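Notes follow the structure.
The values are calculated or read from the model by the stated rules, or taken from the named source; none is laboratory data. These numbers were taken from a predicted model, which means no experiment stands behind them. Virtual Cβ from ideal backbone geometry, glycine too; neighbours counted across all protein chains shown. The area values use the complete protein model at the heavy-atom level, side chains included, leaving out ligands, DNA and RNA. Shrake-Rupley method; radii C 1.70, N 1.55, O 1.52, S 1.80 Å.
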Amino acid sequence: MLAVSSEYGNLIIGCSEDDGEHWSAPVTLFPGCGIRDEDGMHQAPTPVICHNGRLWSAVDYGTWEKGGHASALVSVPEDADLLNPENWVCSEFVPFNHDWPGAVPGSRWGCLEGNAVAGPDGEVYNMLRYQISNVFKKSKEDGAITHGKALLLKIDQNDPEKPLSFHKFIDFNGGMSKFVVRRDEVSNKYISLVNKVVDDSVPAQRNILSL
């Protein structure tokens, strides 16, 4: 189990060998702060994938109180002792850049809660939720883009401690809220569970779970 000890707390890992009846003591992989108004580790329940001999998962660092989160991937050799923090690496955290090509003009927030995804090109990406607008208010501008985008950042698999690089923004209904992406090994297509937005005036809509 990979998780954070609290909001913006430590990134920790624990192990069960009997289907969750008993657990090892949690081990801290990367430290946080556990204070809401200070930057710290953040991770939603997002996918862990195995690709080219490593396990990969997305993490964030920051806080809403200071304007958002920076993005990274943690990884470890698949045959390593997962409970040994020395076997894990974290890419350098990349803050959201409003000047990236395709970023929505005037968007206040950035990205978080990414999905580690192995692309059809063999690369590993962090596919991120793009928080374009304030989730509690609809846009007051007619025609303004308030949702429907996701961000792809790419990791250097040969140097997994390097910062992620910008790849592109994509059209993606449900990208405003947390979503999950999985690759179907039979068809080599991708499936995603999202909160579909059907009313543009409510970009934070979260009541229609869609595949």
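Restricting the search to strands (runs of 3 or more DSSP E) fully inside region 106-211 and requiring at least 1 residues that are under 19 Å from Val74 (Cβ atoms) and open to solvent by 30 Å² or more (accessible area, probe 1.4 Å) gives 149-154, 165-171, 180-183. Within region 43-51, one or more residues are among the hydroxyl-bearing types (Ser, Thr, Tyr) and under 20 Å from Phe179 (Cα atoms). Among the residues examined, Asp18 does not qualify as closer than 29 Å to Ser177 by Cβ and out of contact with any strand residue (DSSP E or B) (no Cβ under 6 Å at 6 or more places or on another chain). So for region 23-42 (the condition being within 19 Å of the chain's Cα centre (by Cα), within 26 Å of Glu185 (Cβ to Cβ), at pLDDT 95 or above and crowded, with 17+ Cβ neighbours inside 10 Å), does at least one residue qualify? The answer is no, given that none of the residues of region 23-42 is within 19 Å of the chain's Cα centre (by Cα), within 26 Å of Glu185 (Cβ to Cβ), at pLDDT 95 or above and crowded, with 17+ Cβ neighbours inside 10 Å. Within region 86-99, being surrounded by 14 or more Cβ atoms within 10 Å (Cβ to Cβ) and either among the hydrophobic types (A, V, I, L, M, F, W, C) or in contact with a Phe, Trp or Tyr (Cβ under 8 Å, 6 or more places away or on another chain) (or both) holds for Trp88, Val89, Cys90, Phe93, Val94, Phe96. Taking the criterion of being without any contact (Cβ under 8 Å) to a residue 60 or more places away in the chain and surrounded by fewer than 14 Cβ atoms within 10 Å (Cβ to Cβ), the residues of region 46-58 that qualify are Cys50, Gly53. Within region 162-173, residues that are under 10 Å from Val94 (Cβ atoms) reach partners that are of a type in the set (Phe, Trp, Tyr) and not in a strand (DSSP E or B) with beta carbons closer than 8 Å, at six or more positions or on different chains, in the pairs Pro163/Phe93; Phe166/Trp100. Find all pairs meeting these conditions: Cβ atoms under 7 angstrom apart; at least six residues apart or on different chains; first residue within region 59-70 and of a type in the set (Lys, Arg); second residue not in a strand (DSSP E or B). Close Cβ pairs satisfying both conditions: Lys66/Asp39. Across region 65-78, not a single residue is classified as in contact with a Ser or Thr (Cβ under 7 Å, 6 or more places away or on another chain), open to solvent by 30 Å² or more (accessible area, probe 1.4 Å) and within 20 Å of Asp37 (Cβ to Cβ).
Against the test of being at pLDDT below 95 and crowded, with 20+ Cβ neighbours inside 10 Å, the options Tyr61, Tyr8 yield a single qualifying residue, Tyr8.
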